[in-house]
Amino acid sequence: MNLLKETRKYRCPACGEKLGVNIQYGMPGIDMAEAAERGEVVLGGCCIDDDSPERQCIGCGHKWKIKRRKPVEMMPHRGILT
Ligand SMILES: [Zn+2]
């Protein structure tokens, strides 16, 4: 039972298990659908925005982001509305 390709998994910040996989956005091809069935990736649907998480734990279902938020100072012309 060792037919799985080497798949990168990431430690889940919620449960601590190394079960985090990348979330694939967009229309999945047949390869991607099969990989998702094997638990190698998670399909995130076709919509992605700045708040979409990049990884999901296949153990507990927790989703998280790996990108850091851009600091507000990067947008000097945009004031903070209060
Ligand atoms: Zn988890």
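Some notes on this structure:
- Among residues of region 52-68 that are more than 12 Å from the ligand (Cβ to nearest atom), those with a beta-carbon under 9 Å from a residue that is of a type in the set (Asp, Glu) and part of a loop (DSSP other than H, G, I, E, B) at least six positions away or on a different chain give the pairs 65/51; 65/54; 66/54; 67/50; 67/54.
- The lone exception for residue 43 - which of (1) away from the ligand (no atom under 16 Å from the Cβ); (2) surrounded by fewer than 14 Cβ atoms within 10 Å (Cβ to Cβ); (3) modelled with pLDDT of 75 or more it fails: (2)
- Residues that are within 20 Å of residue 14 (Cβ to Cβ) and assigned to a loop (DSSP other than H, G, I, E, B), drawn from region 27-63: 39, 40, 41, 51, 52, 53, 54, 58, 59, 60, 61, 62
- Lone unmet requirement of (1) of a type in the set (Gly, Ala, Ser); (2) within 16 Å of the ligand (Cβ to nearest atom); (3) surrounded by 15 or more Cβ atoms within 10 Å (Cβ to Cβ); (4) more than 20 Å from residue 67 (Cα to Cα) for residue 20: (4)
The values are calculated or read from the model by the stated rules, or taken from the named source; none is laboratory data. Note that this is a predicted model, so its numbers are computed, not measured. Cβ: placed from backbone, ideal geometry, glycine included. Neighbour counts: every protein chain shown.
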